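The structure appears below as structure tokens.
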Amino acid sequence: MSTILLIIIALTAIISFIAFSNTALFEKYKFNVGAILGNKEYVRLISAGFLHADLMHLLFNMMTLYFFAPIVVQAFGDMGFLVVYFGSILLGNLFSLYLYKNQSWYSAIGASGGVSGILFASIAMIPDLGIYFFFIPIPIPGYIFGFLYFAYSVYMMLNPRQNDNIGHAAHLGGAFFGLIFAVGLQPEKAIENALFLGIMSLPLMYMAFQVFVNKKIG
């Protein structure tokens, strides 16, 4: 097990626990459009990844990271893992910033963008990776899980619901970064798994058309 991975998990857990009872810390470092664009508090683009809403939010993200990060570490090393994790957090939050730039009140927290990047970099390496999902007793192939994940996130981002409280844009941006990073560094794997990756990416293509061509912003 990578020492760097364990340090990231420990730091995230410690900071999240402190922020659970420290409102000032939580408010100072969460992702907030007004603070980032108005006050140029760009540190929030990364610091929000060390904050979580509650214990379940923290546990889900860190458990997912613990189980899938070793695949990324094995393929790209500790440095590659750090690039994917923090690059995914950053791109996820930048995508959110782009989408919600006119909504200064918009806020978000969590490592989900980084975790999504790690998860999808793993799937890019092993598309038929078996993923167990809640109550389903058999593993779902990674590329099928990826397709469903992207489809749900794109739908919810383009059709927002009141009190949803999930940063779908950050998830999508992070997952996209992890996928592109893995494909870019392992192009032979991408060619070998092109059909699986293409199927998985269909919802992303639809999202890109809606957001950048039709200008439909969630």
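The values are calculated or read from the model by the stated rules, or taken from the named source; none is laboratory data. Here the structure is a predicted model, which is why all the values come from computation and not from measurement. Cβ coordinates were reconstructed from backbone atoms using ideal geometry, including for glycine residues, and neighbour counts include every protein chain displayed. These accessible areas exclude ligands, DNA and RNA; they are computed on the full protein's heavy atoms, side chains included. Shrake-Rupley method; radii C 1.70, N 1.55, O 1.52, S 1.80 Å.
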### Message
Considering only segment 100-113, I want to know if a residue exists there that is in a helix (DSSP H, G or I), of a type outside the set (A, V, I, L, M, F, W, C) and surrounded by 20 or more Cβ atoms within 10 Å (Cβ to Cβ).
### Response
yes
### Task
Run L97 past the list (1) closer than 27 Å to K215 by Cα; (2) open to solvent by 40 Å² or more (accessible area, probe 1.4 Å); (3) not polar (S, T, N, Q) and report the number of the one that doesn't hold.
(2)
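Which count do you get for residues in segment 46-69 that are within 21 Å of I166 (Cα to Cα), free of Cβ contacts under 8 Å to residues at least 40 places away in the same chain and open to solvent by 50 Å² or more (accessible area, probe 1.4 Å)?
Matching residues across segment 46-69 total 6.
A quick yes/no check of all residues on (1) free of Cβ contacts under 8 Å to residues at least 12 places away in the same chain; (2) touching a Gly at 6+ places or on another chain (Cβ under 6 Å); (3) farther than 30 Å from G184 by Cβ:
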{"residue": "R44", "(1), (2), (3)": "no, no, no"}
{"residue": "I71", "(1), (2), (3)": "no, no, no"}
{"residue": "G77", "(1), (2), (3)": "yes, no, no"}
{"residue": "L90", "(1), (2), (3)": "no, no, no"}
{"residue": "L97", "(1), (2), (3)": "no, no, no"}
{"residue": "W105", "(1), (2), (3)": "no, no, yes"}
### Task
Mind listing whichever residues of segment 73-86 are buried (at least 20 other Cβ atoms within 10 Å of the Cβ) and over 14 Å from I9 (Cβ atoms)?
V84
### Query
Are there any pairs, at least 6 apart or on different chains, whose C-beta atoms fall under 7 Å, with the first in segment 1-14 and within 12 Å of M62 (Cβ to Cβ) and the second open to solvent by less than 80 Å² (accessible area, probe 1.4 Å) and β-branched (V, I, T), and if so, which?
L5/V73
### Query
Which members of segment 162-194 meet the condition of being closer than 18 Å to Y149 by Cβ and among the aliphatic types (A, V, I, L, M)?
I166, A169, A170, L172, A175, L179, I180, A182, V183
### Query
For segment 131-148, which residues satisfy the criterion of being open to solvent by 40 Å² or more (accessible area, probe 1.4 Å) and under 23 Å from I191 (Cβ atoms)?
P141, Y143, I144, F147
### Message
Among the numbered criteria (1) free of Cβ contacts under 8 Å to residues at least 24 places away in the same chain; (2) in contact with a helix residue (DSSP H, G or I) (Cβ under 8 Å, 6 or more places away or on another chain); (3) not in a loop (DSSP other than H, G, I, E, B), which one does G178 miss?
### Response
(1)
